[in-house]
Every structure is written in structure tokens, then in C-alpha cells.
Amino acid sequence: MREEKLGKLLASMTLEEKVGQLVQCNAGQFIENKMDITGPDGEILPAEELNRVIGSVLTFEDAAQARALQDKHLAADPHKIPLLLMLDVIHGLRTTYPIPLAMGCSFDDGLMTECADMARKEAAACGVHVTFNPMVDTARDPRWGRILETNSEEPLINSRMGAAFVRTAQGDDLSRKDNIACCVKHYAGYGAPEGGRDYNTVDMSERQLRESYLPAYKACVDAGARLVMPSFNALNGIPSVANRWLMNQVLRGEWGFSGVVVSDYNAVGELVAHGVAENMKDAVRLAMAAGCDIDMVQNAYYLHLAELVREGTVSEEALDKAVLRVLELKNELGLFENPYHGADEAKEREIYLCPEHREIARRAAEESAVLLKNDGILPFPETLRKVALIGPFAEERHLVGFWSRPGAWKDAVTLPEGLKAMLPALEVITERGCGAEIGDTDISGIERAVAAAREAEAVILALGEPENDSGEGRSRADLCLPGPQMELARRVLAANPRTAVLLFNGRPLALTELDAIAPAVLEMWYPGTEAGSAAARLLFGRANPCGKLSAGFPRSVGQCPLPYNRMNTGRPKPQPDSGVFPFTSSYLDSPNLPLYSFGHGLSYTRFETLDLTLSRETIRPDETLQVTVTVRNAGERAGKEVVQLYLRDRAASVVRPVQQLIDYKKVFLKPGETAEVTFDVTEEQLRFWDYECRYVSEPGAFEISTGYADHPEKTRVFTLTKD
Ligand code: GLC
């Protein structure tokens, strides 16, 4: 529809019809479906009246439902304004790729793009117009259950992968029926709740917020994300959905965002619980003043917004602006001409879980797995004839993560299935070794597991966290392997030292004891549909692990939060990180450093950094510094290496991190092959928020290193001159 016609449409609408465009309900209010709703249900309203005016729905199941929802609404809406259909497509729709935290460990923006393209096609066929993705919250505290949903503790990775998802999913023309709009979330700072406890309050300086938490949202807005979702949390005392500074001054003012703001689930009504709104009507006033366009599920807008406009508390102009933004998005998606967009049942049958998509999912699972430790027992030789597969994940099919679609777990390849398909002659003895539920205290099965371990040539010990122990509302105060898993590990490792541990979990865990007793630990995360296939190939060397941790693993929960890009303090603990040094920033009972640092990950081959050279020793602000890292595959097997570039600003007007990732590149090297990996470093990469909270660079000396966090390999110094 032409833009000017939208204005005429708006002018023809009644006040209630305008408000309806800003109301969003679960699809289940209008049609039966088996979807899990993602929060407490809002007040169920009279569906007939609601269906006549409503602007959008979320959480529907498939193309048939998408078309039925649209038909039901359009039949009742006198203006024939199509619904917006929104859904959480976080890491795949039906073909599930690894959880975002695992994807971050691939350090591969191109792989993220491939996965996003697969998700886009399947979501469009399902009838999705908008996905509530990418989630790019910086998360530095593994106690927070939603760390699984972001790519990294490092905003650079979240920025690149989030922007790659937006560009790929939206394409260059949203009216194309296989493109979908993106809603970046959760704006802002949701990943830094006090105590690592979901929904808890967030309090930090504006500098910290701008330095470490806002960049990734901005990268997605700059990539063209059409929607933004404010976060549940209070940020410096003001819940995001009512935070005029955050929403009007920064998002729409500084960043020029002109798209739609959709609240998180019930977040508008929850302003009453936060204690900043007397009642729901007051909550609506606050949310509208902060530019929140759509009220998800709570129905606060439906119940109170028209009254606020009639009494003049909310101007009709503000209402019209919000409604026009929603109509413009629907128009850009081409919904007035084709309200079904990409919903296509035949297409669903054709592409869901198709071989090409399974191949992408399997490759992603392989490239996001991280080999945390290997004393040489991996890869297992294919000549093995008998292995014991032990642990609560030995036959588990729930390997797809909290935000996979309901039922997607049924498509997942289990470990026995993956092993059998790859090595039909391999005898696999399977024993859970502990209770029916992952984490329960039943240890009656340990003896049988120990016996199986004793008989086998080698053991695969599959441990982890229950799939629903990470995700929304799933924070933990401890980071141990739940239940008797460590008891099982001790006994099995004692019975057969040739034991490789596979981990399935949605957050960094505290694995200090496991690291001490296991000869090999392979972090699989929740790898998605092709879990068992990828695990089998990695265990037997048909795939060479290349993942690097995108979030560090602490030694204990007591160290959290433990960001890799830490400050030096005035009393840094001397290295090595052992022993007790009173009057330094250290613990009496623990080292400072994590067990496995950010950027850590082993391979079945051995990479050496031969050199790091700089094109010059000083650069002016308008010049580019070329950094060349020479890396060699010194092992017997081909593999991929992630070359990481870290910066340290030796002295600035504010404290700066001892190490900060500023770039990364992944290279494939055959045995004996050497590569020169070059990076262009510009003045912009040296910028930070200074003493007056301005985004600037400052002249002076900088160190640039390769290797990984806490483990620099080569370091060089250069100077940024004034000009
Ligand atoms: C949830 C989540 C949000 C999700 C929304 C819709 O509560 O916080 O990430 O997109 O509701 O399901």
C-alpha cells in the first residue's frame, strides 16, 4: 500500500481500533494450539471483540494456524488490517542449530549467516512475519539462565553475529515472502541482573552500560532491525519499558531508530510490581511516554489506553505515531497485499529437516563444540570395537535447548543413533548410571555403569545439566553438575581411565574437579537436531574440534561474575595465579583466573603462532595499522584455528581492560601449512567512553596480542599519536 494511503487508513480508524493495533495476545486466545506460552498468561479478554481490532499475535504453531489466524481476524476487521504474526525463532524453527552461546564459540560469522538463512526460510514457511531475535544481551554471569540465549560475554561477538542474523533474516526487501523482520532484544542490560538472578534489578554506570552493554543492540539497529524489545529489568532504578532516557534519548534520539518497540511479555503491566506505577492505567501512561508501541499479552493497552487518550493524559498524536509505526511495518512486509506472507504448508513439508538443513545443523554443532581438555585419548580410533556410553545424557534426546520449538527435541539424533549410523560395527553398551531425571539423587545405577566401564575398551561419559535448567527464569545459585554426576564420574574414571567426557549444558559450569580427574572433556552445549551425529564425528576424529569459549568457565560460583575483559586494579595479584598475596586483589581460597578462559579451545592438531608483526609502530588517527599474525599447523591433522586479536590501552583517562578482543578470524590449515592472517586496526577500534563519558580514543601506547584471554602468545606495542 502506498504511504499516503496509510495516513488515510489511520484517519478512518476509531480510537478503539487504533488502540487495537498496539495490542498483542497469544495465538491461543483465538485458536487451539499446543505451543508453550512464554510467561504468565494475561487476562483472557472477550475473544470476539479482541479479534476484530487486534494488531498482532505471538506463539502460533505452523502455516495452517498462521493462515487461520489471519482469516479469522480479517473476516472481523472492517478495515482489513492484517495481523502481524510473531514468534521466538532463536536458533532454528524446526531444524534446530546449537544454542546461541554455542554458536558464539564457533567464532564464525559466516556460519551464523548460514544458520540464520536456514531459520529464515523455515520461519517464513511457518508463517512468521517477525522473530523475537537476535538476543544480544552481554552476559558475564553463568548463574543467569539466559546466558544460553546470547552468543558471548563479549559485545563484539554479539554485535557481529546479531547483525549477521538481522541482515540475513530480513534480506533487502521485507515484502519478499521468505524474509522476516527481526526484533532485537532485550534492551538494555538484561544480562547483568544482581546475583545472576533473572529479572532482577540492574544497576551500573552509564559508562559501563555504553561500553559493554549497548553496543550489540546498536549494531543490530544499525543492521536494520525493524523492532526492539525493552527488557524486563529495572535499569538504574527505571524499568526499561518506562525508561525515557533509554528509549527516547538513546534508541530513537542518538541511534535514530524509527521502527516498532514491542514490550516483553507482560512488562507493561509489571510496572505495578516494580513499584513505579500505581496501577495498570498508570503503567500504560509510563510505557507510552517511553515510546513503547505494542503491549505484549498484558492487555494493559487494551483496557486503559483509549481512556488515557480521551482524558488527554496521552495525546492522540502519540497514539497515532505508534499506530503508524505498526502499520508501516505491516506495509513493508507487504501484508496488505499478501496477508499470509510466506505461510506455505507444502514449503514446510519440503524444507523442514531437509538434508541440506540437517547438514548445516550438524556442521554448526561440530564447529561450536569446544575441546576443553585432551590428554591425548581423543580422537578415539575407528578400530575400537566396544565402548561404554554412560551417564544421564547417554540416551537423551532433549539436546536442543530451552528456546527450541515445542517438540523439536523429538527430531534430535541421540548419541547411540549417531554412533550407530557412523560405525555400525561398534558395540555400544549404554548405562545411565544415575536416576531417571538428570540431576536426581538416585545412584542405584552406578555399579552397573562401573561394570560396563570396566568391560569396555573406552568410555564416553555423557554428563550435563537438564535442558530446562538454563533459559528464561532458570537461574542457578550453583554451577556444579547436578545430582550424583560427579560421584558417577569418579567411579567410572577409576574403572576405566580411557574415558572421554561429553558435556551438554546451557551455561558455563564450575568443573574444577572434573578437569582434575578426566583426561578429555568435550563441551557440546545443546547442539540441536544433529547432536548425536556431530558428537560421533568429533569423538572419532571425522571432525576436528575448533570451537573457542565465547564465555569463560569459572573455577567456582564464588568467582562470578568473572568477565575476561577485567580491569587491573591498583593492587593486581602477581602471576602465576596461585598462592596467597594479602593486600592484593585476590582470594584466600581460590585463584583469580577462570578454569577455562574466554577464547580457549583445543584441537586434534597443534597450531603455533610464529610471529605477530605491525605495519608501523605509530599511527595517526586517520591511519590504519596492519597487524599480521603468522600461524602454522604443526600437527598431523588438518584443522581450523581462530586467530584472536586482543588490545590493551596502557594508560587512559579511565581504567581500561587488561585484555579486550578487537577482532578474530578463522583459518583452515592443512598439516604443516602456514598462513599469514592480517587485521586492519583503526583508531575507531581504540575508542572507549572516557572520563566525561564521550566516545573517543586517546593518544598513547597500546599493546596488541594474539593467543587467547589470560594466555597471550605474541605481544607488540604501538602508539597512537595525537594527529
Ligand atoms: C519472553 C521472553 C522474550 C520472548 C517473549 C515472547 O518472556 O523474555 O525473550 O521473546 O517472552 O515469547
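The values are calculated or read from the model by the stated rules, or taken from the named source; none is laboratory data. It should be emphasised that the depicted structure is a prediction, and the values quoted were computed from it without experimental measurement. Ideal geometry is used to build each Cβ from the backbone, glycine not excepted, and the neighbour counts take in all protein chains shown.
Looking for something over 30 Å from residue 94 (Cβ atoms) and not in a helix (DSSP H, G or I) - is there at least one such residue anywhere in region 504-517?
Yes, there is a match, as at least one residue in region 504-517 is over 30 Å from residue 94 (Cβ atoms) and not in a helix (DSSP H, G or I).
Is it true that residue 188 is more than 21 Å from residue 527 (Cα to Cα), away from the ligand (no atom under 16 Å from the Cβ), surrounded by 24 or more Cβ atoms within 10 Å (Cβ to Cβ) and modelled with pLDDT of 95 or more?
It is false that residue 188 is more than 21 Å from residue 527 (Cα to Cα), away from the ligand (no atom under 16 Å from the Cβ), surrounded by 24 or more Cβ atoms within 10 Å (Cβ to Cβ) and modelled with pLDDT of 95 or more.
Look through 265, 302 and report the one residue that is in contact (Cβ under 8 Å) with a residue 24 or more places away in the chain, away from the ligand (no atom under 16 Å from the Cβ) and surrounded by 20 or more Cβ atoms within 10 Å (Cβ to Cβ).
So the residue among 265, 302 that is in contact (Cβ under 8 Å) with a residue 24 or more places away in the chain, away from the ligand (no atom under 16 Å from the Cβ) and surrounded by 20 or more Cβ atoms within 10 Å (Cβ to Cβ) is 302.
Restricting to region 82-110, name every residue that is more than 25 Å from residue 472 (Cβ to Cβ) and touching an Asp or Glu at 6+ places or on another chain (Cβ under 8 Å).
Correct list: 108 only.
State all residues of region 26-57 that are within 26 Å of residue 471 (Cα to Cα) and modelled with pLDDT of 95 or more; if no residue qualifies, say none.
56, 57
I'd like the residue in region 689-720 that is touching a helix residue (DSSP H, G or I) at 6+ places or on another chain (Cβ under 6 Å) and more than 20 Å from residue 615 (Cβ to Cβ) and, out of all such residues, is surrounded by the most Cβ atoms within 10 Å (Cβ to Cβ).
The selected residue is 689.
Quick one: how many residues across region 535-558 are surrounded by fewer than 20 Cβ atoms within 10 Å (Cβ to Cβ) and within 24 Å of residue 155 (Cα to Cα)?
Residues in region 535-558 being surrounded by fewer than 20 Cβ atoms within 10 Å (Cβ to Cβ) and within 24 Å of residue 155 (Cα to Cα): 3 in total.
In region 458-476, what residues are on the phi < 0 side of the Ramachandran plot and either outside the structural domain of residue 395 (by TED's automatic domain parsing) or more than 16 Å from the ligand (Cβ to nearest atom) (or both)?
Correct list: 458, 459, 460, 461, 462, 463, 465, 466, 467, 469, 476.
Condition test on residue 178, is it over 16 Å from the mean Cα position of the chain (by Cα) and within 25 Å of residue 322 (Cα to Cα)?
no
Do we have residue 83 as of a type in the set (A, V, I, L, M), touching a Pro at 6+ places or on another chain (Cβ under 8 Å) and in contact (Cβ under 8 Å) with a residue 40 or more places away in the chain here?
In short, yes.
Please work out which residue is surrounded by the fewest Cβ atoms within 10 Å (Cβ to Cβ), limiting yourself to region 127-145 and to residues that are more than 12 Å from the ligand (Cβ to nearest atom) and within 16 Å of residue 474 (Cα to Cα).
The residue in question is 143.
Matching residues to (1) over 30 Å from residue 601 (Cα atoms); (2) in a strand (DSSP E or B); (3) β-branched (Val, Ile, Thr):
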| residue | (1), (2), (3) |
| --- | --- |
| 36 | yes, no, no |
| 64 | yes, no, no |
| 71 | yes, no, no |
| 74 | yes, no, no |
| 82 | yes, no, no |
| 85 | yes, yes, no |
| 98 | no, no, no |
| 103 | no, no, no |
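Condition check: loosely packed, with under 15 Cβ neighbours inside 10 Å and within 15 Å of the ligand (Cβ to nearest atom). Does residue 36 satisfy that?
Yes; evaluated as a whole, the condition is true for this residue.
Evaluate region 20-27: report whether one residue or more is part of a helix (DSSP H, G or I) and within 16 Å of the ligand (Cβ to nearest atom).
For region 20-27, residues part of a helix (DSSP H, G or I) and within 16 Å of the ligand (Cβ to nearest atom): present.
Looking only at residues in region 567-608 that are more than 25 Å from residue 208 (Cα to Cα), among the hydroxyl-bearing types (Ser, Thr, Tyr) and at pLDDT 95 or above, which one is nearest to the chain's Cα centre (by Cα)?
Taking the candidates together, the pick is 603.
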